[in-house]
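The values are calculated or read from the model by the stated rules, or taken from the named source; none is laboratory data. All values derive from a computational prediction rather than experimental measurement. In this analysis, Cβ positions are derived from the backbone assuming ideal geometry, glycine residues included, and neighbour counts consider all displayed protein chains. Side chains are part of the model used for accessible areas, which takes the heavy atoms of the whole protein and leaves out ligands, DNA and RNA. Shrake-Rupley method; radii C 1.70, N 1.55, O 1.52, S 1.80 Å.
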Amino acid sequence: MTRHITLSRYLIEEQRIRERINADLRLLIEIVSRACIAISVAISKGGLGGVLGEAGSENIQGEAQKKLDVISNEILLEANEWGGHLAAMASEEMELPHAIPNRYPQGEYLLLFDPLDGSSNIDVNISVGTIFSVLRCPEGVDPTSPEAFLQPGTRQLAAGYTVYGPTTLLVLTVGDGVVAFTLDREHGTFVLTQENIRIPEETQEFAINMSNIRHWEPPVRRYVDELLAGKTGARGKDFNMRWVASMVADVHRIMTRGGIFMYPLDAKIMGRGGKLRLMYEANPMSFIVEQAGGAASTGRGRILDIAPVELHQRVPVILGSKNEVERVASYHRQA
Ligand code: AHM
Ligand code: MG
């Protein structure tokens, strides 16, 4: 690599040269990135740090929390309280938005996050991640009310995810394409390692939890059946399958070499509207995927256009290489 561009320098240039962000949004992203470094350090201690295993509590979604879910949530909350850039925060791990304490100044932004995505993988040493999304707080609305956050994904000003894998990577968009930074552990900084990430339009790889096959709706069943038929079927080529069960890891593979990721609506989760959460999983990932030339749909419409009605709302998610996502959407229309 000939150029050494840290996240700080990238953000300064987004502010000064490309004028995509202001100083407060720059500070926000810097602080989130530092919190992600702290989470990465906590995760990497593993059994030595006593951080593995269950926390013994449940989140608002009724899911058992891992110790690292709780630790990661606290790291993000504490890091983002004092900067003066935020009006409030919302998290997968908290029922209601988190107010900025009175002793600190209030800013204009709202931060949403899934502090530790894929945390069922943590105890088996498989990649996990953090996902975040940034909105502007609407004027005249109480920032600590869920209503302040209920804005469609098209209003996101920035979104990103960190993958805690063999390396710690931060993938970011401020609506100006997608870039990736690798954590330089010796210096404690994120360094730009990929610019202008583009998802290939065509793919031979898909990601879905096949154990749900009997619950799927006919359009998803039709699509996957065609992929499985391979060379001898309608598609005329073989497809390969991967499922990490950490959305960040599955989506990052797609960002790197193309593919389609699906957590569709199925009979088992019909009453809940889907498995993945709109505000801090589907929206930020869809923003990033679209910024990289991919597509993101529920099967019935574009994810970023959904007008949310609940903070912890769930949605079906089909995202990745554009032609494949459009094919799945067309099967839904035909059905
Ligand atoms: P989490 O945020 O509680 O970790 O749940 C979300 C995860 C995603 O990362 C992943 O795609 C999905 O749940 C896996 O679900 P399943 O175990 O049903 O395959
Ligand atoms: Mg998650």
Could you figure out which of (1) within 27 Å of N22 (Cβ to Cβ); (2) among the small types (G, A, S); (3) out of contact with any helix residue (DSSP H, G or I) (no Cβ under 7 Å at 6 or more places or on another chain) isn't true of A79?
(3)
Over the stretch 1-39, the set of residues under 19 Å from T168 (Cα atoms) and not in a helix (DSSP H, G or I) is M1, H4, I5, T6
Examine the stretch 65-78 for a residue that is open to solvent by less than 10 Å² (accessible area, probe 1.4 Å) and in a loop (DSSP other than H, G, I, E, B), and state whether such a residue exists.
no
Yes/no for T130 being surrounded by fewer than 22 Cβ atoms within 10 Å (Cβ to Cβ) and either in contact (Cβ under 8 Å) with a residue 24 or more places away in the chain or under 16 Å from A38 (Cα atoms) (or both):
no
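Yes or no, residue by residue, for (1) buried (at least 16 other Cβ atoms within 10 Å of the Cβ); (2) more than 18 Å from the chain's Cα centre (by Cα):
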residue	(1), (2)
A35	yes, no
S40	yes, no
G49	no, yes
E54	no, yes
G84	no, yes
A88	yes, yes
P97	yes, yes
D123	no, yes
Within the stretch 156-165, identify whether any single residue is open to solvent by 40 Å² or more (accessible area, probe 1.4 Å) and in contact with a strand residue (DSSP E or B) (Cβ under 6 Å, 6 or more places away or on another chain), and answer yes or no.
yes
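Every residue, every condition in (1) away from ligand 2 (no atom under 16 Å from the Cβ); (2) buried (at least 20 other Cβ atoms within 10 Å of the Cβ); (3) closer than 28 Å to P166 by Cα; (4) in contact (Cβ under 8 Å) with a residue 24 or more places away in the chain, yes or no:
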| site | (1), (2), (3), (4) |
| --- | --- |
| P218 | yes, no, no, yes |
| R222 | yes, no, no, yes |
| R235 | yes, no, no, no |
| D250 | no, yes, yes, yes |
| R257 | yes, no, yes, yes |
| L265 | yes, yes, no, yes |
| K268 | yes, no, no, yes |
Please determine, by comparing only the residues of the stretch 237-248 that are within 16 Å of ligand 2 (Cβ to nearest atom) and on the phi < 0 side of the Ramachandran plot, which one is most open to solvent (accessible area, probe 1.4 Å).
W243
Restricting attention to the stretch 197-234, which residues are among the acidic types (D, E) and over 25 Å from the mean Cα position of the chain (by Cα)?
D225, E226
In the stretch 275-319, residues that are away from ligand 1 (no atom under 15 Å from the Cβ), assigned to a strand (DSSP E or B) and hydrophobic (A, V, I, L, M, F, W, C) total 1
Counting residues that are modelled with pLDDT of 95 or more and either away from ligand 2 (no atom under 16 Å from the Cβ) or among the acidic types (D, E) (or both), which strands (runs of 3 or more DSSP E) fully inside the stretch 127-175 reach at least 3?
128-136, 168-173
